[in-house]
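To start, the structure itself, in structure tokens.
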Amino acid sequence: MSPRRVLFDFACGFLEARARAPIVEWAERNLYLIDGNGVLTGYVDTESYPYIREPLESMADPAVKSVVLCWSAQSLKSTSLMINAGYRLAMDPTPILWVMDTRTSAVKFSIDRWQRFVEASECLRALKPNDGDLFKNMEMYFQSATLMFAGSNSAGSLASFPAGLVIGDEEDKYPPARGKEAAPVENAVERMAGNPYGKEIHACTPTVEDGVIWRAFKMGDQRHFYVPCPSCTRFLKFEFAGLKWDPEARNKDGLWDLPEVRRSAYYECPACMFSIGDSHKLRMLRAGEWRPDAPEGEGVPRQAGCRSYRINRLYSTLPSGSFGEIACRHILAGKDPSKRQAFSNSVLAEPYGGDAEGIEIDALARCENYMRGKAGVLPEPVLVLTAGVDVQKDRLEAELVGWGIGEESWGLGYRIFMGDPERGEVWDGLDAWLLKEWAHPLGQRLKAACVCVDSGFLTERVYDFVQPRHWRRVYAVKGFEGQPGAPLVSRPGKSSVQRVTLFRVCRYTANEYVYSRLRVDEPGPCFCHFASVGEGYDEEFFKQLTAEKLERRRVNGRVVRRWVKPGAARNEALDVRGYAAAAFTILNADLPVIAQQMELKLEADKDERRSELDAELKEGFKEAARATRRRPQVGKGFVGRW
């Protein structure tokens, strides 16, 4: 046999062997997962998570050009991406670009998950280069192909690497397009422009309707996982509306009894009303199938060759995906908008639609006379105080806010300190107001525990004020526009001038925080109370508090949500309340513990007072007893001798 024939037969056999290795079967034989919690540690086992099979097959199918995973948290999204990347490196080599929200996130993921996965899987470990310099945290030159991690905030890393597979991970956290640069998603996909066999994978938990992943899901065929009912065998898809629990599972106070809710939770079949329990779930998943639900005839543009998958945590067989656990998560979210958004995004895989476009408030109806003429006396539920300060060219504006359990808030006073902030007198007035002590009905005296002062104007003068008061938690803050999903307050940093502690406050999140709480209409968690007009809460205050509106604008082909202030409207009250909320976030107070400590202190004071009274009474009795023992001296006269 000629050498050419031998080489030809070897090549045919090699290609045939590769063709006979579907991704799911190959992964179950060759890939070993490492899970920090030990739940998923072991060889890939799709029998326990059947819903990942078809998405994996779509990732490996050359006919599918784009795959979208709009999945809840803890639904094996990242695990599926790692399985696909491992398969491509070993069986279908192509340069891979894996983009995450930041470089820091990419390094952490590479070290904590990906590299441990490579070391545990023999087939991937064998492909590592012999030279350690070719296998770094962000750049890995395997013997078969190259894998590069990148942060979406680094335009250079996205533009310097031609790829055959682009993985966009957590895309809703990517920064928006800036100036003449394309958005990070488009920039990354452009790396495949010269590759006719290129594939793009978009994976993220949804945030808002205008988010990248939700729009990508809508442009695909919108597949959902349908499972058969154990009773009537009709196929259904798990949605939160079908989750039920015992409506009588409440304690004596009328609050939900979470252990009983967890025990009684079930899913109700919409066809036969059968109560589906967690014990039925795995058998249903193994008989389930993905079905496209994209509506027809609505004029929605579709992306050719795009399969989009959405799944929520109700399908998960992990402990965090039990019906009871999800029911409890829903109850604990309560009316808190931030917790409701987290539940909607991370558990239900749904975009959150609870943002206030704008809001109007009846000033007189919202004001309460909870001071009742007792100046300097706090409402009893108030546990800590924070303040926000805004700096203008001719004045300082500040608000003191009290906070209680469930982030219920009480506006205690809004003050305007007129004067030139370049001079010290106006700052002295502010400082004296911040140092004021407030009497609490439980006996303690409270004052502002944390203060945020805007340093966007007269920066150095603000630094002069906050630096010597750092020990009182008086901090300089600087606002930035931000985007949906950004944290309210950044981690502390140091200013370049005077090296003072500096926090950055996201204006988008701050406005969202304030507006969402203004929409809560019943006293309780997240409700905003305001003192009387005499404390500064007049009609002008509420006009400023609700001055901005949320608008959608198209920037570089992408819909961007921004808070807009119409015309010459003033918004200082909104900014100040946002800074006070930022101060509460920085303080990170454990309010239930503080409430318990205050009650214990009250009881201790009462016991001490009782002890003092008992001691006074005992001393009084002793004095009386001594007085009765003191008899007058008997005289020597006739009467005394009688």
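When you go through Lys436, Lys478 one by one, which is the residue that is part of a strand (DSSP E or B) and either open to solvent by 10 Å² or more (accessible area, probe 1.4 Å) or touching a Ser or Thr at 6+ places or on another chain (Cβ under 6 Å) (or both)?
Working: Lys436 fails: part of a strand (DSSP E or B).
Only one candidate passes the filter, namely Lys478.
Just so you know, in the stretch 518-550 the residues that are out of contact with any helix residue (DSSP H, G or I) (no Cβ under 7 Å at 6 or more places or on another chain) and assigned to a helix (DSSP H, G or I) include one that is least open to solvent (accessible area, probe 1.4 Å), and it is Leu518. Scanning the stretch 481-508 for residues that are of a type outside the set (A, V, I, L, M, F, W, C) and in a strand (DSSP E or B), we see that the one that is surrounded by the fewest Cβ atoms within 10 Å (Cβ to Cβ) is Lys494.
I'd like the full set of residues that are hydrophobic (A, V, I, L, M, F, W, C) and over 15 Å from Trp433 (Cα atoms), limited to the stretch 447-465. Spell out the reasoning first.
Step one: of the stretch 447-465, the residues hydrophobic (A, V, I, L, M, F, W, C) are 448-453, 457-458, 462, 465.
Passing the criteria: Phe457, Leu458, Val462.
Can you find a residue in the stretch 112-134 that is under 36 Å from the mean Cα position of the chain (by Cα) and more than 18 Å from Leu31 (Cβ to Cβ)? The answer is no, given that none of the residues of the stretch 112-134 is under 36 Å from the mean Cα position of the chain (by Cα) and more than 18 Å from Leu31 (Cβ to Cβ). Pairs are defined by a Cβ separation below 6 Å, a sequence spacing of at least 6 or placement on different chains, a first member in the stretch 401-413 that is open to solvent by 10 Å² or more (accessible area, probe 1.4 Å), and a second member that is in a helix (DSSP H, G or I); the pairs so defined are Ile405/Leu591. Residue check: Met273 meets all listed conditions (1) part of a strand (DSSP E or B); (2) open to solvent by 50 Å² or more (accessible area, probe 1.4 Å) but one, namely (1).
If a residue has to be aromatic (Phe, Trp, Tyr) and either part of a loop (DSSP other than H, G, I, E, B) or open to solvent by 40 Å² or more (accessible area, probe 1.4 Å) (or both) to count, how many in the stretch 570-601 make the cut? Talk me through it step by step, then tell me what you get.
Step one: list which residues in the stretch 570-601 are aromatic (Phe, Trp, Tyr), which gives 579, 584.
After this cut, where a residue has to be either part of a loop (DSSP other than H, G, I, E, B) or open to solvent by 40 Å² or more (accessible area, probe 1.4 Å) (or both) as well, the list is none.
Number satisfying all stated conditions: 0.
Within the stretch 90-131, the residues that satisfy the criterion of being open to solvent by 60 Å² or more (accessible area, probe 1.4 Å), in a helix (DSSP H, G or I) and of a type outside the set (Ser, Thr, Tyr) are Arg103, Lys108, Ile111, Asp112, Arg113, Arg116, Glu119, Glu122, Arg125. For the stretch 157-176, filtered to residues that are over 23 Å from the mean Cα position of the chain (by Cα), over 11 Å from Val99 (Cβ atoms) and open to solvent by 10 Å² or more (accessible area, probe 1.4 Å), the residue that is modelled with the highest pLDDT is Pro162. Residues of the stretch 493-517 that are touching a residue at least 40 places away in the same chain (Cβ under 8 Å) and under 20 Å from the mean Cα position of the chain (by Cα): Phe503, Val505, Arg507, Tyr508, Ala510, Asn511, Glu512, Tyr513, Val514, Tyr515, Ser516, Arg517.
With respect to the conditions (1) exposed (fewer than 15 other Cβ atoms within 10 Å of the Cβ); (2) under 21 Å from Ile594 (Cα atoms), Leu442 falls short on a single one, namely (1).
Out of all the residues in the stretch 32-73, which are small (Gly, Ala, Ser) and either in contact with a His (Cβ under 9 Å, 6 or more places away or on another chain) or farther than 20 Å from Asp92 by Cβ (or both)? Reasoning before the result, please.
Step one: filter the stretch 32-73 for residues small (Gly, Ala, Ser), giving 36, 38, 42, 48, 58, 60, 63, 66, 72-73.
Passing the criteria: Gly36, Gly38, Gly42, Ser48, Ser66, Ser72, Ala73.
Sort out which residues of the stretch 132-147 are open to solvent by 30 Å² or more (accessible area, probe 1.4 Å) and among the aliphatic types (A, V, I, L, M), and write them in order of number. Passing the criteria: only Leu134.
Within the stretch 219-235, the set of residues being under 14 Å from Phe274 (Cβ atoms), open to solvent by 10 Å² or more (accessible area, probe 1.4 Å) and not in a loop (DSSP other than H, G, I, E, B) comprises Pro228, Phe235. Looking across the stretch 37-79, just one residue is touching a residue at least 40 places away in the same chain (Cβ under 8 Å), surrounded by fewer than 16 Cβ atoms within 10 Å (Cβ to Cβ) and of a type in the set (Asp, Glu), and that is Glu47.
The values are calculated or read from the model by the stated rules, or taken from the named source; none is laboratory data. Since the model is a prediction, treat every value here as computed from it, not as a measurement. Please note: Cβ atoms are built from the backbone with ideal geometry, for glycine as well, and neighbour counts cover all protein chains shown. Note: areas computed on protein heavy atoms with side chains; ligands, DNA, RNA excluded. Shrake-Rupley method; radii C 1.70, N 1.55, O 1.52, S 1.80 Å.
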